Structure formats: C-alpha cells, structure tokens
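The values are calculated or read from the model by the stated rules, or taken from the named source; none is laboratory data. Predicted model only: the values in this text are computed from it and were never measured. We place every Cβ from the backbone using ideal geometry, glycine too, and count neighbours over all the protein chains shown. Keep in mind that these areas ignore ligands, DNA and RNA; they rest on the heavy atoms of the full protein, side chains included. Shrake-Rupley method; radii C 1.70, N 1.55, O 1.52, S 1.80 Å.
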Amino acid sequence: MTVARPTPLSDAMLADLPEGVARPAYDRARLTPGIVHIGLGNFHRAHQAWYTHRLMQQGLAQDWAILGAGVRPYDAAMRDRLLAQDCLTTLIELSPDHRSAEVTGAMIDYLPIEDGNGALIRAMADPAIRIVALTVTEGGYYIDPATGGLDTTHPDIAHDAAHPDVPRTAFGAMVAALGLRRAAGLGPFTGMSCDNLRGNGAILRQVVVGLARLTDQGLADWIEAEGAFPNSMVDCIVPATGPAELALVREMGIADAAPVTHENYRQWVIEDAFCAGRPDWDRVGATFTDDVHGYEMMKIRILNAGHQVLANAGELLSVPTIADCMAHPAISAMFRKVQTEEILPYVAAVPGTAPADYLSLIERRFANPAIRDTVRRVAFDGSSRHPGFVLPILRDALAAGGPVQGLALVEALWARMCAGTREDGSAIEANDPAWPDLVAAARAARDRPQAWLEQAAIYGPLAAEPRFAEAFAGWLALLAETGTGATLEAYLQGR
C-alpha cells in the first residue's frame, strides 16, 4: 500500500490508520503500569512488549503496562521520539514473501533520563511495579572476566558503591529502589534479564546482590532471600532502524519516528520463578519452564555464535547483510561446515527440536532477504560476543578432543577484521567499545599471532592451548598471504 500523506502515529489517530494495519483493541487510557523496562531499543519493542500487547488484545494484563527507561544520555533521543507518538510503535513483520504492519501499545510512558536516576528509582520503588526487565547488551553487566563476578573496580560500579542514592548504572538504580521497598515494608520486584547471556537471570542476580553488598549487607541478604531473577532465552531477529525502515513505514501509510522491522519468528523461554506475579505470556506463545538452559544453549550456540561465524567474513568481503552472507557460496558453506562439525556436537536436543533441525531453521531465518540485518550490527561488540558465544564452544571442543580448525578460523577472521580494513582496501569504522585495543592487538598479530590471543580478558587460558593457538596462527598467516576468499576455500577443501 502507498499513501500520499502518512497518518501521524498517536492515540488520537489510531482510528485513521490505513486499512489492514492492526492496532490496539484495548483502551490504553485504562492501562496501569506493572513493568519497568530498562534499555528500550528495537528488540524489546519487537519482543517482550509485543507479547504483553498480545495479552492486552485478549483483554488480559491491563495492569502490566510498560514504563520505558534508560540510564545513558543517548537514551533521551529515543524517549523524545516515543513520547511524541504516545509511546506507540509500528512493528513491521518481514517474511520472504509478504509484509504486514501492527501498531502496539503496551508501553504507556518513558521515564525521564536524569543524572542520579531519581525518576527511575522512584518508579521501581512503587509497589505497582512487579517486574523490572532489562536489555542492556551482553557486555553491559560489569562482569570481571578473571573471576566471573562483579567487576568492583569498574568506575561505574565504584561510583554506585560510593554514591548509592544517586547511582550511575541500571543495577545501582535497582539496588536503590529495592532498598526503598524494603524500608517501606514492601516485597521486591522480579529482576528479569532479556539479554543473550547464558544464565542471564543468575548473572543479573549476581550483579544486583553483589552491588548491594558493597553498601548494605542486610539489603543484599534480603534481595538474595526474597528476590527473583528468572533465567530466560529470547529470540527474534530485529534489525536496526535506518532510512530504509523509516521510508518503509511511511510507504505503509504511517508517520512513525521509531518503527521496528522484524522477522516472522519469535521465541521466548522463561524460568517460572517470579516473586511478585507475572503476566500469562504463555497464552500468547511464550514457554514457561524450570529448565531454560537447554533452549538457551541451543540458541546461543547455533544462532548467536553462528552470527559471529558469518559477520567477520562478511565484513572483510564487503558483504552488507546476513542474508547476503547466506547467499555467498563460500561464506554460507563455511557457516554450515563450522556448525555441523564443531558446534552441533556440543548442543543437546530440547523437547521437540533436534540440533540439526534447529540449524536448518536458523539457515532459513538468516537467509530471509527481506531482513536487512547488517553485518556491522551483528559484528558489533565482538569483545563481548566472542567470549560469550563462541569461546565456550571452543573450550568444549578442546576438552572433548574434537576438531577446532573452523572455530580457530572464526577467531582469525575476527582478528583480521579488527585490523581495520576490508579486502577491497576500504576502512572499517570503530565497531566495539574496546576498538583501539583490538586494533592494536590485531596489528601486532601480523608479525606475532600470539599477540591477539594474549588479550587475557577475552581468551584467558585458551591462549595457551596448543591446538587452538597453532590453528589460529596458521589461518591468520593464510589470511595475510592469500586473502579472505582464498582462505575460506582452503578451509572448505580441508587444507
């Protein structure tokens, strides 16, 4: 559909949206908040907020509306865009052969972005808020890579420990709000991570309780005993919004300053461990279980690690999107070979799904040409994503005596990408919070490959594993000598 004058997105204009665009059937004025969500980007709006909206469409969960929140200055721009359209979002589903639009309304406000996070703390201290959820990226949990615990030396954590009433981090704000609830004789809210971390709930518990222990042992004990931090697995491919997406929503007849495109697939598996109630998300497709780990392992290893298998090769060869990578003969063949020989052996089946079947599903999803998911987005923050997604598989393969050539090649491609130039000579712009350190290590590795593996926060003891180190050095040398395309062919031919 093409509309000359797109309808501005707002509560007042919902009835004027183009025919065929789904919209809230519930009275948004009657919604009351039950969830605060910190880190309100595209993924949350296409996933958790969508499940909540779907419940509301059934006349349920009217007291579980979402308050958006952020703790960084750059969150203010998204807040302004969403408040200007009454916190409504247009979701555009893109399948290979059709597209559809739906306006969702589960979010009803976006809290002010403030130094000290006062508005956020007050909102979370309100007894009406029973869940505080987060999407703050895999690298946003202040984990010390040496110990696996809270990094108490990080300046943000040190600040929150010294100034607990005016915290800088989301976790400090959660601790402050929990302290107010305890002082008022209220119970805690459930803390729910929606980030791609193995045991994300356990990690969130560790961070919140660990930060509380730096200032108030009694509060930390209370959170530990009374709080809940369910593990979850989240899955939906949601590209970043850029000019093409803004043009698409206008073409569909809607003036939305923050639309979200997404694939025609979602999955949400949640540990049923909540301390203050929860929406019945299982009525609209989520799975509640006491064993999230198997689903989480399958998804993180095949999908998330698989993204890293593709993205650096794609970046080096100037292949713009993940779908284009799947259409590239050498990259897609490398992906399947690494998956079948070095990833699937370390993934167990879950009820109803074998690893090989899940891989086939992922290949179809990645190959969807309607989803313009850029390799740059997928490759972002490799210094968190490789340790979180790829290296645990490598450790299992080494322990089992299995092949590691493919995984070593994945790491060599990442190192080559971090040198900062593509095969065509164009520059790769900074794409990681640790980019200067990665570039320095990548360039030093040209003469001494071990320099890359000596990044202790990333590789740790893996740097001393001879089979991995030797394979990595061999691939890095071949990349320098023959280029990415020839190196992929060598791997595929078993050389």
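General observations
- Efficiency of FRET from Cβ geometry, Ala158 and Ala333, R₀ 56 Å, rounded to 0.05: 0.70
- Rounded FRET efficiency, nearest 0.05, which uses the C-beta distance separating Ala225 from Tyr265 and R0 of 35 Å: 0.35
- 1.4 Å probe accessible area per residue over the chain, in Å²: 38 Å²
- Helix 48-57 axis, angle to the chain major axis (alpha carbon atoms, nearest 10°): 40 degrees
- A cut-off under 15 angstrom between Cβ atoms defines the neighbours of Arg130, and their net charge, with Lys, Arg +1 and Asp, Glu -1, is -3.
- Within-15-Å neighbourhood charge of Leu55 [Cβ basis; K, R +1; D, E -1]: +2
- With every protein chain in place, the chain: carbon and sulfur % of accessible area (1.4 Å): 52 percent
- Placing dummy labels 7 Å off each Cα toward the beta-carbon, the span from Thr147 to Leu186 is 3.2 nm.
- Rg/Rh ratio calculated on Cα atoms of the stretch 26-120 (Kirkwood radius): 0.99
- The chain, dipole about Cα centre (Lys/Arg Cβ +1, Asp/Glu Cβ -1), debye to the nearest 20: 340 debye
- Computed lengthening from Asp447 to Asp280, 0.36 nm per intervening residue step minus Cα-Cα distance: 54.4 nm
- At full extension, Glu470 and Arg5 could sit 161.3 nm farther apart than now, given 0.36 nm per residue minus the alpha carbon distance.
- A simple count of charges around Ala464, restricted to other residues whose Cβ falls under 12 Å of its Cβ and scoring Lys, Arg +1 and Asp, Glu -1, yields -2.
- Placing a label point 7 Å from the Cα of Asp291 along the Cα-to-Cβ direction, the residues of the stretch 344-383 with a backbone N closer than 19 Å are 345-358.
- For the chain, the longest principal axis of the Cα atoms and the long axis of helix 355-366 meet at an angle of about 80 degrees.
- Translational D in µm²/s for the stretch 228-345 (Stokes-Einstein at 20 °C, 1.002 mPa s, Kirkwood Rh from C-alpha pairs): 125 µm²/s
- Over the chain, the Kirkwood radius and the radius of gyration, each from Cα atoms, give a ratio Rg/Rh of 0.97.
- Measuring max minus min along each principal axis, the C-alpha atoms of the stretch 125-183 give extents of 38, 25, 16 Å (largest first).
- The stretch 265-309 and the stretch 347-408 have Cα centres lying 17 Å from one another.
- Fully extending the segment from Asp165 to Arg81 would add 27.3 nm, taking 0.36 nm per residue of separation and subtracting the current Cα-Cα distance.
- With Cα atoms, 0 to 90° folded angle of helix 435-444 axis to the chain main axis: 10 degrees
- Förster-model FRET efficiency, 51 Å R0, Ala370 and Asp27, C-beta, rounded to 0.05: 0.90
- Paramagnetic label reach from Asp396 (point 7 Å along Cα→Cβ; backbone nitrogen cut-off under 19 Å): within the stretch 189-218, residues 196-203.
- Only helical runs count toward this figure. For the chain, summing -39,500 (n - 2.57) over DSSP H runs of n ≥ 4 and dividing by all residues gives -12000 deg cm²/dmol at 222 nm.
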